[in-house]
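Notes follow once the structure below has been shown.
The values are calculated or read from the model by the stated rules, or taken from the named source; none is laboratory data. Keep in mind the model is a prediction, meaning the values are calculated, not measured. Ideal geometry is used to build each Cβ from the backbone, glycine not excepted, and the neighbour counts take in all protein chains shown.
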Amino acid sequence: MSIPAASPASAGREYAIRGTAVRESVRGIEQESGQEFVEESESESRHSRVAALQQRITGMQATTLPTKTLPTLPALSDILPGGALKQGAAYSVLGSTTLVMALLAGPSQSGSWCGVVGLPDFGAEAAARFGIDLERLVLVPDPGAHWLTVTAALVDVLPVVVTRPPLQASDSDVARLGARLRQRGCALIVVGEWPQSEAQLRIVDSRWSGLGHGHGLLSAREVTVASVTGRTGFARPRSSRLLLPDAAQQFQQAARPVTQPAGVPPAAGTRNWPRAVPVLNRAG
């Protein structure tokens with residue numbers, strides 16, 4: 001059985017139907033791919049805009065606030081967090097007026113005004129010998145019960161203030177004074193314990209030099225200063241040996257002592273002098 005040949009008219013209609021179907025299929029593919037392309041382009045555009053905005057924000061704001069410091073003696077850089085006194089921070093010094101003067105010497109020599117509250121034993125003559133400018137020094141030896149008011153008043157106008165609370169300061173007093181320090185940019189040195197101190201300093205060893213074998217004059221004092229940080233800085237206690245002051249009336253780090261190796265005899269011309277032993281004479 002033979003298949004009848006299609007007439008030209010029917011063949012044309014079939015080709016027309018097939019052409020229409022192909023065109024519709026192609027149009028659908030183009031529309032779908034175009035939509036996906038538009039969506040992908042818009043997504044990439046949004047991501048790029050967000051990334052650019054984040055980059056601008058990062059560039060406009062600092063990751064850390066800049067910390068301002070006061071001129072400090074180089075000899076004290078190893079025992080202070082950051083190597084210098086920070087504005088707006090408090091420091092605790094235990095039992096040493098000499099160390100307080102060493103901390104004041106740097107700012108005072110650079111022209112800063114300093115205040116001392118509640119230290120009647122703070123000698124002006126000794127301060128001048130340590131390089132502190134007495135013409136830029138405010139002394140309030142005995143503020144009485146108003147030590148906090150006097151200290152806060154000096155914090156408002158001076159860059160460095162030393163104070164010794166007569167009693168243990170309350171938490172509210174510490175918080176208020178700490179807020180004022182940060183607002184005014186003053187460095188506070190507290191003689192005694194202070195909860196929010198940047199570092200706690202103390203002299204753990206002291207030696208005088210200058211005396212010979214039974215004669216001579218004291219010329220310098222060598223001390224070992226230990227530092228323990230309260231909030232930030234050194235993770236472990238640090239220490240430094242200082243000369244207070246040296247022959248040039250300056251504070252400097254002491255040279256490391258040269259130890260005598262075991263079994264090596266002393267140098268020629270030296271001898272072991274006997275130690276003096278006190279003798280108690282009894283009458284009768």
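No other residue among Gly106, Gly88 is part of a loop (DSSP other than H, G, I, E, B), in the same structural domain as Val174 (by TED's automatic domain parsing) and of a type outside the set (Val, Ile, Thr) apart from Gly88. Determine, yes or no, whether Pro120 is modelled with pLDDT of 90 or more, of a type outside the set (D, E, K, R), over 20 Å from Arg238 (Cβ atoms) and part of a helix (DSSP H, G or I). So Pro120 fails the test. Taking segment 137-255 and the strands (runs of 3 or more DSSP E) fully enclosed by it, the elements with 2 or more residues that are touching a Lys or Arg at 6+ places or on another chain (Cβ under 8 Å), at pLDDT 90 or above and closer than 20 Å to Lys86 by Cβ are at 187-191.
Looking at this structure, is Thr97 over 29 Å from Glu222 (Cβ atoms) and of a type in the set (Ser, Thr, Tyr)? Walk me through it before giving the result.
Numbers: over 29 Å from Glu222 (Cβ atoms): no; of a type in the set (Ser, Thr, Tyr): yes.
It is false that Thr97 is over 29 Å from Glu222 (Cβ atoms) and of a type in the set (Ser, Thr, Tyr).
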